[in-house]
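Asker: Before we start, here is the structure in question, set down as structure tokens.
Values in this text are rule-based calculations from the coordinates and carry no lab data. Only a predicted model underlies this, so the values are computations on that prediction, with no experimental measurement involved. Backbone-built Cβ (ideal geometry, glycine too); neighbour counts: all protein chains shown.
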Amino acid sequence: MAKVVLNQVSKRFSGSVAAVSELNLEVADQEFLVLVGPSGCGKTTSLRMIAGLEDVSGGEITIGDRNVTHVSPKDRDIAMVFQNYALYPHMTVRRNMSFGLQLRYGGNFVSRLWRRLRDAQSAAEREKQYQQIPTKVDQVAATLGISKLLDRYPRELSGGERQRVALGRAIVRQPAAFLFDEPLSNLDAKLRVEMRRELKELHRRLGATMIYVTHDQVEAMTLGDRIAVMDQGVLQQVGSPSEVYHKPANRFVASFLGTPGMNLLEGELVEENGQFQFRAFGVRLEVVANQRPELKPSSSRKIVLGVRPEDILLTEESSADCPHAGRGQVELVESLGDTGYVHIRLSGEAPGSAELPRITAKANGAVLNSNLEAGPVPMGFRAQSLHWFDVATGLRLSPAGRD
């Protein structure tokens, strides 16, 4: 396996359209890194440049110790698993899995004879590898639990079975790095959960370098050792799932990660008698002491408050850990069984004809069953879990207190 490094990599289409802008990214040997972002953010283009399927407009790509920026895809020692599986319909599962190795080590009689005449020792090693192909296919098929499918054709397989075959075809090549382009997006919800678990276990067993592209935040958070968040061709943040979730670098990352994303309220931070208070749309919130040094207001300033749905408590009780922040009108309750989400319209004043913002709180079954839609609801925000962002740049000013 090998380290993959992108240094100032850019891709431009049709003149000045930048799909990827000066991407700097290092994927460690044996790491599982997930590239995540909305549609059109440049994640698939980045993956295709690593694979050699897209030309690089600027920058360098190295795999291991080799600069592969202008190397043909077949010579990069990578294996790619596509969203649509890309299986050959006229070949059995066995043939699909072995085809790449047969091209690498085999060939027709004339080409194999020519190799023997030109370099007998190298030809002998290639012939040895060629003879081991059936054994390798059987071993990988057993690992993935698809041995009984080896003589079937793709049309005779389910979606999950086709995905396992596509994985097997990649694994049997023993590449320096695996590239995955949204491989689970065509599967139903239950099967996606199963395949996520299998992919994670497969990475643990193989100790392989894997780069995985998805727009699904759940896949990113559950699969990646680290996740890299992209938007509009620009890398926004790289870190462990916990780090990126609890300490987002900017407003985009905060709102993108999470289902639903972080609530963001633009308001004013006011200092009175040495105390700081955030005010917005009826919300009045005292700012805890350990966040003050990084906020540094003069007398007042515009600022954005971020709070996750799970850090909003629907209760009249107020404490230092979870001070009362205001009240709002319940608009919608989504029950997921023992938990759910409460969508609340704030009850303050909006400037001009602007609509009052809505925030979302996560609640347990007891709260959901307490006739919430009958009227206004009180809100408390966990003081140690608040995030602050600059209005102009969107960058985080003060991280939440949690690790």
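Asker: Where a Cα-Cα gap under 25 Å defines reach, which lysines qualify for residue 3, not counting those fewer than 8 residues away within the same chain?
Answerer: 11, 43, 74, 136, 200
Asker: Another question about this same structure. Taking the chain as a Gaussian network, where each spring joins two C-alpha atoms under 10 Å apart, which residue of 249, 28, 220 fluctuates the most?
Answerer: Its mean-square fluctuation being the largest, the pick is 28.
Asker: Ranking request for peptides 257-269, 315-327, 176-188: highest mean number of other beta-carbon atoms within 10 Å first, then the rest in descending order.
Answerer: Answer by packing, highest mean first, reads 176-188, 257-269, 315-327.
Asker: If packing is taken as the mean number of other Cβ atoms within 10 Å per residue, what is the order of 65-71, 206-212, 238-244, highest first?
Answerer: 206-212, 238-244, 65-71
Asker: So for region 4-250: antiparallel DSSP bridges make up what percent, rounded to the nearest 5?
Answerer: Beta bridges within region 4-250, antiparallel portion: roughly 55 percent.
Asker: Using only the Cα atoms of region 37-110, what semi-axes does the equivalent ellipsoid have when each is the square root of 5 times a gyration tensor eigenvalue? Give whole Å, largest first.
Answerer: 27, 19, 9
Asker: Send over the semi-axes of region 188-248's equivalent ellipsoid, whole angstrom and largest first, taken as the square roots of 5 times the C-alpha gyration tensor eigenvalues.
Answerer: 21, 14, 11
Asker: Further question: When Lys and Arg each count +1 and Asp and Glu each count -1, what net charge do the other residues less than 10 Å away from residue 32, Cβ to Cβ, add up to?
Answerer: Around residue 32, the surrounding residues sum to +1.
Asker: While we're looking at this one, here's another question. Using helices alone, I'd like the mean residue ellipticity at 222 nm for the chain: each DSSP H run of four-plus residues gives -39500 (n - 2.57), total over residue count, nearest 500.
Answerer: It comes out at -8000 deg cm²/dmol, rounded to the nearest 500.
Asker: Here is a further query. Under a straight-distance cross-link criterion of Cα-Cα below 19 Å, which lysines are reachable from residue 247, leaving out those fewer than 8 residues away in the same chain?
Answerer: none
Asker: Stokes-Einstein diffusion coefficient for region 117-237 at 37 °C in a medium of 0.692 mPa s, Rh from the Kirkwood formula over Cα pairs: what value in µm²/s?
Answerer: My calculation gives 198 µm²/s for D.
Asker: Taking a ≥ b ≥ c as the square roots of the eigenvalues of the Cα gyration tensor of region 4-250, is the shape rounded (a/c under 1.5), prolate (a/b larger than b/c) or oblate?
Answerer: oblate
Asker: Mind ranking 13-20, 76-83, 143-150 by how tightly packed they are, going by the mean number of other C-beta atoms within 10 angstrom, highest first?
Answerer: For the peptides 13-20, 76-83, 143-150, the packing ranking is 76-83, 143-150, 13-20.
Asker: State, as an integer percentage, the relative contact order of the chain based on alpha-carbon contacts under 8 Å between residues 6 or more apart.
Answerer: 16
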